[in-house]
Amino acid sequence: MNQQPKRALIVIDVQNEYVSGNLRIEYPSIELSLGNIAKAMDAAHAANIPVVVVQHFAGADSPVFARGSQAAELHPLVGERPRDLLIEKAMASSFVGTELGQWLREREIDTLSVVGYMLQHCDDSTVRQAHHEGWQVELLHDATGTPPYRNSLGTATAEEIHRVFSIVMHTGFAAVVSTEEWLAALDNGEVLQSDNIYLSNQRAIQDR
């Protein structure tokens with residue numbers, strides 16, 4: 001029987017910038033993801049799972065996350081909920097230039113449950129680094145979100161970005177699950193598992 005994970009919930013960059021600022025989340029709806037983030041935080045607190053809140057800051061003249069701006073402040077849904085640690089970061093990964101790794105190791109945390117924004121940027125960077133450094137990782141896909149992009153390589157909708165990044169992360173970097181699946185795992189002691197690259201590829205080939 002698998003041992004119950006020793007989890008920490010990592011709540012990444014749930015700031016006003018993504019709700020009412022210059023970098024608005026479009027998929028899934030901000031109302032859905034915020035509601036699921038709140039559910040995860042409340043469940044973690046009730047289960048004595050440490051909650052780490054991460055807040056991103058840029059320079060005062062930045063168009064996004066400018067330190068001192070209202071847009072860079074935590075959304076009240078997160079800011080007003082209990083937490084065990086608040087860290088500030090300036091890079092995509094929550095581990096770079098912060099005390100997060102040391103704090104988790106001191107508490108013998110072995111599994112990180114990740115929610116927040118943006119899935120394809122700060123969540124992805126944090127998940128990959130956590131995986132490479134030896135943690136098991138869970139990503140609650142409907143407690144994250146994405147915006148659309150267009151650049152010299154083309155255009156991608158928010159839904160396309162969210163779907164592809166979720167599929168790729170589930171091939172080994174993280175167990176990508178819904179908030180309801182994660183809440184059920186807390187209740188029954190389940191160890192959530194990711195898929196793998198080989199099987200994901202083979203299924204795709206067989207489906208042709």
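The values are calculated or read from the model by the stated rules, or taken from the named source; none is laboratory data. Model, not experiment: these values are computed from the prediction. Neighbour counts run over all protein chains shown; Cβ positions are idealised from the backbone, glycine included.
Output the residue which, of all residues in region 85-141 that are of a type in the set (Asp, Glu) and more than 10 Å from the chain's Cα centre (by Cα), is farthest from residue 193 (Cα to Cα). Outline the logic, then answer.
So the first thing to find is which residues in region 85-141 are of a type in the set (Asp, Glu), and the list is 88, 99, 106, 108, 110, 123-124, 133, 138.
Checking the rest, the ones that are also more than 10 Å from the chain's Cα centre (by Cα) come to 88, 99, 106, 108, 110, 133.
Numbers: 88: 30, 99: 27, 106: 24, 108: 20, 110: 14, 133: 17 Å.
If we take residues in region 85-141 being of a type in the set (Asp, Glu) and more than 10 Å from the chain's Cα centre (by Cα), then 88 is farthest from residue 193 (Cα to Cα).
Every listed requirement among (1) within 26 Å of residue 7 (Cβ to Cβ); (2) hydrophobic (A, V, I, L, M, F, W, C); (3) at pLDDT 95 or above is met by residue 191 save one, (3). Residues that are of a type in the set (Asp, Glu) and surrounded by 14 or more Cβ atoms within 10 Å (Cβ to Cβ) were ranked within region 158-208; the one that is nearest to residue 118 (Cα to Cα) is 160.
Taken over region 175-202, residues that are part of a helix (DSSP H, G or I), within 18 Å of residue 165 (Cα to Cα) and not polar (S, T, N, Q) amount to 3.
Among the residues of region 119-137, is there at least one that is in contact (Cβ under 8 Å) with a residue 24 or more places away in the chain, over 15 Å from residue 10 (Cα atoms) and in contact with a His (Cβ under 7 Å, 6 or more places away or on another chain)? No - not one qualifying residue is present in region 119-137. Would a scan of region 34-42 turn up a residue that is under 17 Å from the mean Cα position of the chain (by Cα) and more than 25 Å from residue 177 (Cβ to Cβ)? Within region 34-42, none of the residues are under 17 Å from the mean Cα position of the chain (by Cα) and more than 25 Å from residue 177 (Cβ to Cβ).
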